[in-house]
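Structure record follows, encoded as C-alpha cells.
The values are calculated or read from the model by the stated rules, or taken from the named source; none is laboratory data. On a predicted model such as this, the values are computed, not experimentally measured, just so you know. Cβ: placed from backbone, ideal geometry, glycine included. Neighbour counts: every protein chain shown. Accessible surface areas use protein heavy atoms only, side chains included; no ligands, DNA or RNA. Shrake-Rupley method; radii C 1.70, N 1.55, O 1.52, S 1.80 Å.
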Amino acid sequence: MKGVLLAGGTGSRLYPITHTGPKQLVPIANKPVLDYAIEDFIDAGITDIGVILGNKGREAIQQHLGDGSDYGVDITYIIQGDPLGLAHAVGCAKEFVGDESFVVYLGDDLMREGIEEMVADFDPEEYAAGIGLQEVDEPSRYGVVGRNDDDDIVELAEKPDDPPSNLALIGIYVFTPEIFDQIEALEPSWRGELEITDAIQGLLDDDRRVQSHVVHGWWKDTGKPSDVLHANRLVLDAIDRNLAGTVENKESVIGRVELHEGAVIENGAVVRGPVSIGADTRIGSGSYIGPYTSIGENSEIDNAHIEASVTMGDNEITADRTIVDSLIGRQAAITSSEDKQPTGDRMVIGRNSTLEL
Ligand code: G1P
C-alpha cells in the first residue's frame, strides 16, 4: 500500500509562527510534526510515500524530508499549489497511487497509537474507504459521522451545526481508487473548499460501504498554538530520561529529561522533566526549565524560568522572567533591558503576534 501525506495548507491559525515556515515543521519535543506521520507510515509497513505540497513552505519541507532515504522511505513530491481543500489535495495523488488502495494522513495531525491497526484491518473487498474516528467535545469543529445501530456509517457532515454524533474524523483515511471519481464530481463547500468528507459521503450515496476505526489513544490536530502546546505535553508524557549532552550537576536535572547531543545544562541550572532540550543548546546557570517544556536546538537560555512551553530553536532567552504556556518561534530573542533607561518592556513584535503580559 502507498501513503499520501498532505503537507499543504496556509497554517493561518498558527500565525505568526507560520509566516516563516510550514505548520508541518513545527517541532513537538524537538521533532517536526511531519516526522511523526512518517514514522507511523513506516510502522504500518508503508514506505512508498507521496507528499502533497501547497505553495507555503514547499522548499522547507522538501529540504527537510529530502528523498526520504534518511528515514528509509521513498518520497515522491506532488504539487497541489493553491489550497483548494483536502479532497483537491487527495485528487492530486491519482497518478501516484494508480490502482492500489492507499492511506491518507494529514501532515499536521499527531496520534499516539499510530495507523498500523487501521491499515491492517482495512478490507477493500467489502469497503470503498476506511476512516479513523475519535470522540470529541466539540464535534462542530470537525468532520462528523452518523452511525446506525450496527455501527455502520450512514452519513458524514463537515463542521455541522447539528452534529449527528460526537465521533469526529481524525484525518486518517484509507481509500480505494474509487474515491477519485467522487472527488471529480465535487462542488466547493460553504467554506469554498473541496471537502474529503463530501467525497466519502458520495461513496455512501452510491451504496458503497465505509469502514470505521475508532481511535482510543490521544489524537491531536496541531492547528492552533494551544494545540501545539497540548501535543507537546502529550508527547513529553511518554519520553524517557536520556542525557546525550553534558550535565554539569546531575542532581539538578530531575526526572524524565531528554538532552540532545552537544547540549549543556550548566551547574546552577535546574531542569525538571518531562523536558526535551535540543542539540547544541546551552541552559545557563541562572535558568529553570519546568515540566512540559521543549527547548529547541542551538539556543542560549539563561536567567529565565520557562514552563509548559515550546521554543522552536535558534533562540536567545536571557531575560529574568517567568515564561509559561508560550510558543516561541525560531530565532526569536527575549533578552533583558534592565540597565536601560527608561525602564520598560522593549519589543519588536511581528504581525499576528500575541503577548499576554
Ligand atoms: C479537516 C477535515 C475534518 C477533520 C479534521 C481533522 O478539517 O476537513 O473533516 O475532522 O481535518 O483534523 P480542517 O483542519 O480542514 O478544518
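What to note about this one:
- Residues being of a type in the set (A, V, I, L, M, F, W, C) and within 12 Å of the ligand (Cβ to nearest atom) - total across the range 127-154: 5
- Of all the residues in the range 327-353, those that are assigned to a loop (DSSP other than H, G, I, E, B) and free of Cβ contacts under 8 Å to residues at least 60 places away in the same chain number 17.
- Taken over the range 155-180, residues that are within 11 Å of the ligand (Cβ to nearest atom), open to solvent by less than 40 Å² (accessible area, probe 1.4 Å) and within 23 Å of the chain's Cα centre (by Cα) amount to 8.
- Members of the range 137-165 that are at positive phi and touching a helix residue (DSSP H, G or I) at 6+ places or on another chain (Cβ under 7 Å): K159
- Qualifying residue in the range 239-247 (condition: in contact (Cβ under 8 Å) with a residue 60 or more places away in the chain and assigned to a strand (DSSP E or B)): no
- Flag if A199 is buried (at least 21 other Cβ atoms within 10 Å of the Cβ) and among the hydrophobic types (A, V, I, L, M, F, W, C): yes
- Being more than 30 Å from D151 (Cβ to Cβ) and open to solvent by 60 Å² or more (accessible area, probe 1.4 Å) holds for only one residue in N249, N232, N242, N315, and it is N242.
- Extreme residue, nearest to the ligand (Cβ to nearest atom), among residues of the range 105-126 that are part of a helix (DSSP H, G or I) and surrounded by 21 or more Cβ atoms within 10 Å (Cβ to Cβ): M118
- Restricting the range 72-104 to residues that are away from the ligand (no atom under 16 Å from the Cβ) and under 17 Å from T10 (Cα atoms), the residue that is modelled with the lowest pLDDT: G81
- Among the residues of the range 181-218, those identified as assigned to a helix (DSSP H, G or I) and within 14 Å of the ligand (Cβ to nearest atom) are I183, I196, T197, D198, A199, I200, Q201.
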